[in-house]
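Shown below is the structure under consideration.
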Amino acid sequence: MNTHIIKEYLAKHSPSGTSQPIQLIAVILIVTLLALMPVVATLTEQSFYLTIVTRIMIFSLAALGLNLILGFGAMVSLGHAMYVGIGAYSVGILSFHGIGSGWAHLGIALCVGTLSALLVGAISLRVTGVAFIMITLAFAQMFYFLVVGLREYGGDDGLPISSQSNFGIFSLTNPTTLYYTVFAILMVTLYGFHRLVNARFGMLIRGCKSNQRRMLALGFPVFRYKLTAYVLSAQVCVVAGVLLANLTRFTSPSYMSWSASGELIVMVVLGGIGTLIGPVVGAATWLILEELLTSFRTALPWGIDAMIRDYWLAVFGILIIVVTLTLKHGLYGTLLRRREHKQ
């Protein structure tokens, strides 16, 4: 059960590791740009920039959580938006009852999310492939219709949030405070995942992706490791949901719909599945294109500009197909591979 056995196996059967120089440059650029965004928003008097970048970071966090099991463990979950919804509704329901403590919001969200992930993971991880996908989807739909049935909390119409999370020393009511809170959590998550996927735990999860039977034959407790990864992945999505509710001041069943889970998968694949920065790139690309297409104002003949705004999802779908066919490993993943081939 030595770790060097996994290292040796991964060296032979996994894609080459990420290029350290380009990885470092990417991280430095992202950190610098994100840290300076409030200054840019203030100087340009465009507070909207702060909102959209905060949203990008929140969905980057959720995509990072999903990428832990999808990219490194080959566990395709069509129900991870459920955990985003659990985080958001924890804030909404507690605020509805006059509880504005951020610690209560976060604590309840993580407790409910962790217990839900343990239940879903304990059942779904006993199977693989399509069966795993269908079980995660089934649980997500159960939670979705449960929330729709909660008429006291808005049902299908959603629930406005009267008070945002207050952590005592700071409150997420201020947009800049919320921004830097999301920024700090995203940076900690990136660093933590970097350490995790390169540790014994991460190597075993990646080994299961390459050949689970081999890992079992070597005597590793595969189920326990995969369940731990699944729960950790869900917890990150729960935190993203808490932050999303504070940003939008609203929560809705649509946050945990199967289509929302599909969007998270697209973000991961678009940026580069199984890479550290890929989900961030994918989330940014998705949300920026969504904003550009839905607010398209360039005058075009035959009413094409209006068609782009009305049918932006169709246009976006075509763009995703083109990217997927031309950039097999995603935007960031392809960049890494090309850099490695040159070296």
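Could you grab me the full set of residues in the stretch 141-160 that are surrounded by 19 or more Cβ atoms within 10 Å (Cβ to Cβ) and in a helix (DSSP H, G or I)?
Scanning the stretch 141-160 gives Phe143, Tyr144, Val147.
Continuing with this model, one more query. Return yes when Ile161 is closer than 16 Å to Ala245 by Cβ, among the hydrophobic types (A, V, I, L, M, F, W, C) and modelled with pLDDT of 95 or more and no when it is not. So that I can check it myself, show each step before the final result.
Details: closer than 16 Å to Ala245 by Cβ: yes; among the hydrophobic types (A, V, I, L, M, F, W, C): yes; modelled with pLDDT of 95 or more: no.
Considered against the rule, which asks whether it is closer than 16 Å to Ala245 by Cβ, among the hydrophobic types (A, V, I, L, M, F, W, C) and modelled with pLDDT of 95 or more, Ile161 comes out as no.
Looking at Tyr255, Tyr230 in this structure, which one is at pLDDT 90 or above, of a type in the set (Phe, Trp, Tyr), surrounded by 15 or more Cβ atoms within 10 Å (Cβ to Cβ) and under 17 Å from Ile69 (Cα atoms)? Don't jump to the end; show me each part of the working.
Values: Tyr255 fails: under 17 Å from Ile69 (Cα atoms).
None of the others qualify; the one that does is Tyr230.
Each row is one residue, and each column tells you yes or no for (1) of a type in the set (Ser, Thr, Tyr); (2) within 21 Å of the chain's Cα centre (by Cα); (3) surrounded by fewer than 14 Cβ atoms within 10 Å (Cβ to Cβ).
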position: Tyr83; (1), (2), (3): yes, yes, no
position: His105; (1), (2), (3): no, yes, no
position: Ile123; (1), (2), (3): no, no, no
position: Phe139; (1), (2), (3): no, yes, no
position: Thr181; (1), (2), (3): yes, yes, no
position: Ile185; (1), (2), (3): no, yes, no
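Six or more apart or on different chains, Cβ atoms under 7 Å: show the pairs whose first residue is in the stretch 143-172 and over 21 Å from Ala81 (Cβ atoms) and whose second is aliphatic (A, V, I, L, M) and surrounded by 14 or more Cβ atoms within 10 Å (Cβ to Cβ).
Listed pairs, sorted by first residue: Gln164/Leu172; Leu172/Leu178.
Kindly check whether there is at least one residue in the stretch 168-185 that is touching a Lys or Arg at 6+ places or on another chain (Cβ under 6 Å) and more than 30 Å from Lys209 (Cβ to Cβ). Spell out how you get there, then give the answer.
First, pick out the residues of the stretch 168-185 that are touching a Lys or Arg at 6+ places or on another chain (Cβ under 6 Å): none.
No, the stretch 168-185 contains no residue that is touching a Lys or Arg at 6+ places or on another chain (Cβ under 6 Å) and more than 30 Å from Lys209 (Cβ to Cβ).
Quick one: Glu290 ticks every box in (1) surrounded by 22 or more Cβ atoms within 10 Å (Cβ to Cβ); (2) over 28 Å from Gly102 (Cα atoms) except a single one, so which number is it?
Unmet for Glu290, out of (1) surrounded by 22 or more Cβ atoms within 10 Å (Cβ to Cβ); (2) over 28 Å from Gly102 (Cα atoms): (1).
Looking at (1) over 25 Å from Met267 (Cα atoms); (2) crowded, with 18+ Cβ neighbours inside 10 Å, can you tell me which one Gly65 breaks?
With (1) over 25 Å from Met267 (Cα atoms); (2) crowded, with 18+ Cβ neighbours inside 10 Å applied to Gly65, the lone miss is (1).
Identify all residues within the stretch 185-202 that are outside any helix (DSSP H, G or I) and not small (Gly, Ala, Ser); write none if there are none. Lay out the reasoning, then the answer.
Of the residues in the stretch 185-202, the ones outside any helix (DSSP H, G or I) are 198-199.
Correct list: Asn198 only.
Conditions (1) surrounded by 17 or more Cβ atoms within 10 Å (Cβ to Cβ); (2) at pLDDT below 75; (3) under 21 Å from the mean Cα position of the chain (by Cα), marked per residue:
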| position | (1), (2), (3) |
| --- | --- |
| Gly274 | yes, no, yes |
| Gly282 | yes, no, yes |
| Arg297 | no, yes, no |
| Trp302 | no, yes, no |
| Arg309 | no, yes, no |
| Val315 | no, no, no |
| Leu331 | yes, no, yes |
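From the list Ala245, Ala240, which one is modelled with pLDDT of 90 or more, in contact with a strand residue (DSSP E or B) (Cβ under 6 Å, 6 or more places away or on another chain), crowded, with 24+ Cβ neighbours inside 10 Å and of a type in the set (A, V, I, L, M, F, W, C)? Steps first, please.
Details: Ala240 fails: in contact with a strand residue (DSSP E or B) (Cβ under 6 Å, 6 or more places away or on another chain).
Within the list Ala245, Ala240, the selection yields Ala245.
So, in the stretch 39-55, how many residues would count as being surrounded by fewer than 24 Cβ atoms within 10 Å (Cβ to Cβ), touching a residue at least 24 places away in the same chain (Cβ under 8 Å) and under 25 Å from Gly278 (Cβ atoms)? Explain how you work it out, then say what you get.
Going through the stretch 39-55, the residues surrounded by fewer than 24 Cβ atoms within 10 Å (Cβ to Cβ) turn out to be 39-53, 55.
Adding the requirement that they be touching a residue at least 24 places away in the same chain (Cβ under 8 Å) leaves 47, 50-53, 55.
Within this subset, residues satisfying the condition of being under 25 Å from Gly278 (Cβ atoms) are 50-53, 55.
Residues that pass the stated criteria total 5.
Let me spell it out: the conditions are (1) surrounded by fewer than 24 Cβ atoms within 10 Å (Cβ to Cβ); (2) modelled with pLDDT of 95 or more; (3) farther than 30 Å from Asn174 by Cα, and Phe220 meets all of them except one. Which number is the exception?
Among (1) surrounded by fewer than 24 Cβ atoms within 10 Å (Cβ to Cβ); (2) modelled with pLDDT of 95 or more; (3) farther than 30 Å from Asn174 by Cα, Phe220 violates only (2).
Sticking with this one: What's the number of the only condition in (1) among the hydroxyl-bearing types (Ser, Thr, Tyr); (2) part of a loop (DSSP other than H, G, I, E, B); (3) closer than 28 Å to Leu43 by Cβ that Thr176 fails to meet?
It fails just one condition, (2).
The values are calculated or read from the model by the stated rules, or taken from the named source; none is laboratory data. Note that the coordinates shown come from a computational prediction; the quantities given were computed from them, not determined experimentally. So basically every Cβ, Gly included, is an ideal-geometry build from the backbone, and we count neighbours across all protein chains shown.
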